[in-house]
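Enquirer: Let me give you the structure first, and then I'll get to my questions.
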Amino acid sequence: MVASLARLPEWLFTSDGNAYELCYLHGDLTHDAASKSLPAVVKKMNVSNKANKFAGVSRVLAISFVLFLSLFALDAFSGEAPFTEKLIGFLIHLIPSFIFVIPLIIFWKSPRFCGLAYIILSILFVFYFRTYRDFEYFLILSLPQFVVGALFIIAHVFQRSKST
């Protein structure tokens with residue numbers, strides 16, 4: 001497959017359907033279908049993109065999980081209590097959400113530590129809220145945190161392989 005960079009300035013699509021980002025390559029690029037090797041610049045960009053994608057997906061999932069937990073805090077506004085008591089109850093119900101936002105903010109640029117923090121928090125969440133007693137609660141409340149932590153760790157592995 002011969003791709004002109006005038007037509008494809010940023011991406012090279014290989015015959016197996018994978019796309020690789022090109023960086024500062026000029027002229028025509030020839031990719032032999034029998035050869036699986038691509039220029040080193042292309043491979044480094046691909047690894048970097050994978051790390052960025054895993055980190056981005058894990059951040060979006062972490063924020064989504066925090067928003068999901070925050071929905072449960074809205075029940076503090078039901079009842080006949082004065083507004084100040086409802087507001088205090090709402091803030092108390094938001095404590096688990098704050099606990100999961102803090103590592104995300106502190107370790108935003110360090111996926112390894114953010115992943116470890118989320119995995120530790122998921123284990124603590126299992127035992128503190130006893131989600132191990134009911135499989136559905138475990139799937140809804142504990143497993144997403146562990147998955148987010150694992151995705152952060154995977155992003156760190158891709159970042160580390162990019163630097164070597």
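Enquirer: Output yes when any residue across region 81-94 is aliphatic (A, V, I, L, M) and within 23 Å of Gly149 (Cβ to Cβ), and no when none is. Outline the logic, then answer.
Expert: Step one: of region 81-94, the residues aliphatic (A, V, I, L, M) are 81, 87-88, 91-92, 94.
After this cut, where a residue has to be within 23 Å of Gly149 (Cβ to Cβ) as well, the list is 94.
Scanning region 81-94 turns up at least one residue that is aliphatic (A, V, I, L, M) and within 23 Å of Gly149 (Cβ to Cβ).
Enquirer: Look through Arg160, Arg130 and report the one residue that is touching a Phe, Trp or Tyr at 6+ places or on another chain (Cβ under 9 Å) and either of a type outside the set (Phe, Trp, Tyr) or modelled with pLDDT of 95 or more (or both). Walk me through it before giving the result.
Expert: Values: Arg160 fails: touching a Phe, Trp or Tyr at 6+ places or on another chain (Cβ under 9 Å).
Step by step, each of Arg160, Arg130 is checked, and only Arg130 is touching a Phe, Trp or Tyr at 6+ places or on another chain (Cβ under 9 Å) and either of a type outside the set (Phe, Trp, Tyr) or modelled with pLDDT of 95 or more (or both).
Enquirer: Inside region 150-161, can you point out the residues that are closer than 18 Å to Ile102 by Cα and either free of Cβ contacts under 8 Å to residues at least 60 places away in the same chain or not in a helix (DSSP H, G or I) (or both)? Break it down stepwise before answering.
Expert: Step one: list which residues in region 150-161 are closer than 18 Å to Ile102 by Cα, which gives 150-153.
The answer is Ala150, Ile153.
Enquirer: Follow-up. Just to be sure I understand, how many residues within region 127-141 are surrounded by 11 or more Cβ atoms within 10 Å (Cβ to Cβ), more than 17 Å from Phe68 (Cα to Cα) and either within 23 Å of the chain's Cα centre (by Cα) or of a type in the set (D, E, K, R) (or both)?
Expert: Residues meeting the conditions: 2.
The values are calculated or read from the model by the stated rules, or taken from the named source; none is laboratory data. In this text, all values refer to a predicted model and were calculated from it rather than measured experimentally. Every residue, glycine as well, gets a Cβ built from its backbone with ideal geometry; the counts of neighbours run over all protein chains shown.
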